[in-house]
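The values are calculated or read from the model by the stated rules, or taken from the named source; none is laboratory data. Fair warning: this is a prediction, and the values are worked out from it, not measured in the lab. In this analysis, Cβ positions are derived from the backbone assuming ideal geometry, glycine residues included, and neighbour counts consider all displayed protein chains. Heads up: the accessible areas ignore ligands, DNA and RNA and are worked out on the full protein's heavy atoms, side chains in. Shrake-Rupley method; radii C 1.70, N 1.55, O 1.52, S 1.80 Å.
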Amino acid sequence: MAHATTTLVTNIGSLVTNDPSLGAGPLGLLRDAAVLIEGTDIAWVGPAGTAPAADRRVDAEGRAVIPGFVDSHNHLIFAGDRTEEFNARMSGRSYTAGGIRTTVAATREASDDALSANLARYLTEALRQGTTTLETKSGYGLTPEQEARALRVAREHTDEVTFLGAHIVAPEYADDPAGYVDLVTGPMLDACAPYARWIDVFCEKGAFDGDQARAILTAGLAKGLLPRVHANQLSYGPGVQLAVELGAASADHCTHLTDADVDALAHGTTVATLLPGCEFSTRATYPDARRLLDAGATVALSTDCNPGSSFTSSMPFCIAIAVREMGMTPDEALWAATAGGARALRRDDIGRLAPGARADLALLDAPSHVHLAYRPGVPLVSAVWQAGRRHPDAS
C-alpha cells in the first residue's frame, strides 16, 4: 500500500480546533501549534515544537488557522439574474416569495452545462473565502424532470444535496396548491429521491402551510431523505415546531421566534441555522442569536447564497454581521460557521481540526480568527486545504 503524502502546517500562531480536549475553551484553541495532514485527513494536532516529521512543510508564519467553513444552506442550481428586483427592493419595496418565479423561468430554459458551470463558479468563489463544505438545494425547476436534473447536476459537485421541490407552488399550479403538494410528494419525490440526501420545505405564508409542510417532509422521510425546514423567516409560524417534532437536522432562518420556539430548539436536536446575509439583503430584522444561545440552542451560520434574497457566498461576511448585529461573540460566530454547520448537516468529520477529521482548513492572513469580524470585508483567507489538497484557486 502506497504511503500517503504528509504535510505539516507549522508555526501556527493561533489554531482553532473546535475540540475542547485539544486546547482552550469551546474552540479548543492552541497557540504556537502545528497540524499534520496525511492524505485526506488530519493525522496529528499539537504544539509546533513536538510536531512529527512530514514530507512537506508549510510555514504559517505566526498566522491563524481555522477549520474550513461549513455552509449548510444554499440555492445554487439556478440561471438568470435578479439585479432589477434587488434594485427595486433597495428603493423601498419589500421582499416576497413571489420573486422566486423569475428564477424558475430562467432555470427551466438553461442547459445542464450552464447550470453546472454556474454552480462550479460559486463553489470556487466560496472556496476562495474558506468554505470547504457547501450544501445546495433544488427548487428552481418545480417539475419532476426539472427538479431531478437540478439534483443530478448538484451531485456532480457536492455530496450535500437537498430536494426543495416545495420552494413555492409552481406557476402551473397557482390555482391548485393541493395538487402541487400531491405532485411533490408523489412523482416529483420519486424522481428526485435517488439524487438527494435531504428534503426541505419553505414553510411560510405565500409558500406552504404547516399541514402541507408536514405532508411533504413525512413523504420524504418515507423515501429515506432527512428533513430540514425553511422556518419562521418572514413571520411567526409552525415551521420551527414542525422541524423539532420531526427531528429535522436544521430549522433555517429562525427570524421570528416565540418563547416556545426557542425552548423547542433548546431541548431538541434541531440546529437553528441563521442566515444573516438574507436579512442584510432584504433590510429585514436580524435573528436574535443571543436569545437562542443563552437558551442553550445549537446555532449555525450560513450564507443562503441565492440570486434573490442573499447573493453572497462569503462566510466571513456573515460572521461579521452575526457579531455586529446578532449578539454573537467572535468565538461563537466562528464555531457556528464551522462546527455548527457540520451539526446542521449531521457530520462529525468536518467543522473541526482533530485526528481523524477531514483535512479541511483555512490559513488566515491574520494572527487570530477574531479578525474575521474585526476586519469586515477584508479578504483574509490566504490558503485553503480541502480533503488534504491545497487549492491553488483559493491561494
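You can think of it this way: the chain between Ala222 and Arg291 has 21.4 nm of extra reach, that is 0.36 nm per residue less the Cα-Cα gap. In a DSSP loop and with at most 13 other Cβ atoms within 10 Å, the trypsin sites (Lys or Arg not before Pro) in the range 45-144 are Arg93.
Quick one: work out the % antiparallel among DSSP beta bridges in the chain, nearest 5. Mind showing how you got there, number by number?
Values: 25 of 56 bridges.
Taking every DSSP beta bridge within the chain, about 45 percent pair in antiparallel fashion.
Roughly how big is the chain's charge dipole about its Cα centre, with Cβ charges of +1 (Lys, Arg) and -1 (Asp, Glu), in debye to the nearest 20?
Numbers: 32 positive and 47 negative charges, 148 e Å.
With only Lys, Arg, Asp and Glu charged at Cβ, the dipole is about 700 debye.
The H on the amide N of Thr131, modeled in the peptide plane, is under 5 Å from the matching H of Phe69, each at least 5 residues off or on a different chain.
Using only side-chain charges placed at the Cβ, +1 for Lys and Arg and -1 for Asp and Glu, the dipole size of the range 38-159 relative to its Cα centre rounds to 380 debye. Spherically averaged projected area of the convex hull of Cα atoms, the range 107-222: 7.3 nm². Relative to the longest principal axis of the Cα atoms of the chain, helix 112-128 runs at roughly 40 degrees.
The label point for Asp112 and the one for Asn87, both projected 7 Å from the Cα toward the Cβ, are 3.6 nm apart.
Just checking my list (1) 28, 60, 13, 0; (2) 31, 61, 8; (3) 30, 57, 14, 0 against P(r) over Cα pairs in 20 Å bins from 0, in percent computed from this structure; which label fits? Looking at P(r) over Cα pairs in 20 Å bins from 0, in percent for this model, the match is (3).
Using just the alpha carbons, could you tell me how many Å³ per residue the convex hull of the range 286-364 encloses? Value for the range 286-364: 111 Å³ per residue. Helix content alone sets the calculated 222 nm mean residue ellipticity of the chain: runs of n ≥ 4 DSSP H residues at -39500 (n - 2.57) each, divided across all residues, give -8500 deg cm²/dmol. Once the Kirkwood radius over Cα pairs is known for the range 1-127, the Stokes-Einstein relation at 4 °C and 1.567 mPa s delivers a diffusion coefficient of 70 µm²/s.
Nothing charged except the Cβ atoms of Lys and Arg (+1) and of Asp and Glu (-1): what's the magnitude of the dipole of the range 232-301 about its Cα centre? Round to the nearest 20 debye. Could the numbers behind the result be given before it?
Working: 3 positive and 8 negative charges, 40 e Å.
Value, rounded to 20: 200 debye.
Under a Gaussian network description of the chain, with springs only between Cα atoms under 10 Å, the residue in Ser21, Ser116, Ser310 that fluctuates furthest is Ser21. Compared with the dominant Cα axis of the chain, that is its longest principal axis, helix 210-222 is turned about 60°. Label zone of Ala387 (point 7 Å out along Cα→Cβ, amide N under 14 Å): in the range 353-380 this covers 358-361. Would you mind telling me which residue in Met90, Met188, Met315 has the biggest mean-square fluctuation in a Gaussian network model of the chain, where springs connect alpha carbons within a distance under 10 angstrom? Among Met90, Met188, Met315, the largest GNM mean-square fluctuation belongs to Met90.
Note that the range 242-330 carries a Kirkwood radius of 13.0 Å, evaluated over its alpha carbons pair by pair. Toward the positive end of the charge dipole of the chain, with +1 on the Cβ of Lys and Arg and -1 on the Cβ of Asp and Glu, the farthest Cα among Thr218, Gly277, Gln146 is that of Gly277.
Once you keep just the Cα pairs under 8 angstrom separated by 6 or more residues, what percentage relative contact order results for the chain? Numbers along the way, then the final one.
Details: 998 pairs, mean separation 77.3, N = 395.
20 percent.
For the range 89-174, the fraction of C-alpha pairs more than 22 angstrom apart is 33%.
Quantify, in whole percent, the carbon and sulfur part of the accessible surface of the chain (1.4 Å probe; protein heavy atoms only). Numbers along the way, then the final one.
Details: 7570 of 15130 Å².
Looking at the chain in its full context, I get 50 percent from C and S.
Round to the nearest 10 and give me the degree value, 0 to 90, for the angle of helix 100-109's Cα axis relative to the longest principal axis of the chain. Approximately 80 degrees, to the nearest 10.
Once the Cα-Cα distance is subtracted from the 0.36 nm per residue extended length, the Glu245 to Arg101 segment shows a gain of 48.8 nm.
Just so you know, the Cα atoms of the range 236-395 work out to an Rg and Dmax of 15.8, 47 Å.
Heavy atoms of the protein chains alone define the surface here; on that basis the chain has 38 Å² accessible area per residue at 1.4 Å probe size.
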